[in-house]
1. So in the stretch 17-31, with the set limited to residues that are under 20 Å from S92 (Cβ atoms) and of a type outside the set (G, A, S), which one is surrounded by the most Cβ atoms within 10 Å (Cβ to Cβ)?
2. If we keep just the residues of the stretch 61-83 that are among the β-branched types (V, I, T) and buried (at least 16 other Cβ atoms within 10 Å of the Cβ), which is farthest from A11 (Cα to Cα)?
3. For the structure I just gave you, tell me whether S97 is of a type in the set (S, T, Y) and open to solvent by less than 80 Å² (accessible area, probe 1.4 Å).
4. Would you confirm, using the coordinates I've provided, whether F14 is touching a Pro at 6+ places or on another chain (Cβ under 7 Å), in a strand (DSSP E or B), under 30 Å from K116 (Cα atoms) and open to solvent by less than 80 Å² (accessible area, probe 1.4 Å)?
5. E103 - would you say it is at pLDDT 85 or above and either surrounded by 10 or more Cβ atoms within 10 Å (Cβ to Cβ) or farther than 30 Å from Y36 by Cβ (or both)?
Amino acid sequence: MGEQPIFSTRAHVFQIDPNTKKNWVPTSKHAVTVSYFYDSTRNVYRIISLDGSKAIINSTITPNMTFTKTSQKFGQWADSRANTVYGLGFSSEHHLSKVTELECVSSQANAVHTHKTELNQTIQELEETLKVKEEEIERLKQEIDNARELQEQRDSLTQRLQEVEIRNKDLEGQLSDLEQRLEKSQSEQEAFRNNLKTLLEILDGKIFELTELRDNLAKLLECS
């Protein structure tokens with residue numbers, strides 16, 4: 001592919017006087033070949049003119065570059081990269097119109113290419129931003145899942161705690177009942193001991209009485 005000429009013509013080449021910025025200075029003594037080239041690899045247009053082996057024009061067409069027709073046979077354009085203004089004098093208005101047309105087409109093509117490049121860059125940036133957002137969304141989803149899992153663990157622990165508290169209350173009730181039963185049992189045992197002591201005292205009294213009665217009966221028997 002590479003760079004291919006798409007149009008050639010002959011013209012007198014001029015550059016603006018860098019000192020006065022008004023007067024035209026010829027860069028060739030006679031008309032030279034001026035060619036329009038298209039570089040398909042870089043998708044750019046260039047105007048090239050050689051005077052022998054010397055390149056007197058090597059200007060890349062940019063979207064903001066304008067070829068201005070100043071007369072029927074003369075046109076000019078400013079090249080900011082070369083920091084100069086070029087002028088071309090043609091032998092006929094037809095050649096000037098052809099160059100003007102090509103400049104317009106190439107400028108539009110460059111503008112489209114630049115716009116396409118900017119759009120591709122914007123799309124790439126948007127895709128990267130979307131990727132970052134998707135990663136952030138996935139991270140947030142993971143955090144939400146983790147939060148839900150923690151909440152479930154918290155709910156489970158809360159339920160277990162409530163069950164333990166209920167069981168503790170039940171055990172406290174059983175313990176209180178056992179304490180009351182133990183206290184009652186101790187009271188009953190104390191009462192039983194007291195009753196037994198009283199009964200023993202009564203028995204001792206009865207035994208004493210029986211002993212006296214036996215002794216009296218024995219004495220009576222001896223007297224008779």
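1. Among those that are under 20 Å from S92 (Cβ atoms) and of a type outside the set (G, A, S), it is W24.
2. Within the stretch 61-83, the match that is farthest from A11 (Cα to Cα) is T62.
3. When the stated conditions are applied, S97 passes them.
4. No; evaluated as a whole, the condition is false for this residue.
5. In short, no.
Here's the yes/no breakdown for (1) touching a residue at least 40 places away in the same chain (Cβ under 8 Å); (2) not aliphatic (A, V, I, L, M):
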residue	(1), (2)
S28	no, yes
V32	no, no
I61	yes, no
A82	no, no
C104	no, yes
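Each row is one residue, and each column tells you yes or no for (1) within 50 Å of the chain's Cα centre (by Cα); (2) of a type outside the set (F, W, Y); (3) open to solvent by 30 Å² or more (accessible area, probe 1.4 Å).
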| residue | (1), (2), (3) |
| --- | --- |
| Q4 | yes, yes, yes |
| F7 | no, no, yes |
| T33 | no, yes, yes |
| Y38 | yes, no, yes |
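The values are calculated or read from the model by the stated rules, or taken from the named source; none is laboratory data. Given the structure is predicted, the values throughout are model-derived calculations rather than measurements. Cβ: placed from backbone, ideal geometry, glycine included. Neighbour counts: every protein chain shown. In case anyone asks, the SASA skips ligands and DNA or RNA and just uses the protein heavy atoms, side chains included. Shrake-Rupley method; radii C 1.70, N 1.55, O 1.52, S 1.80 Å.
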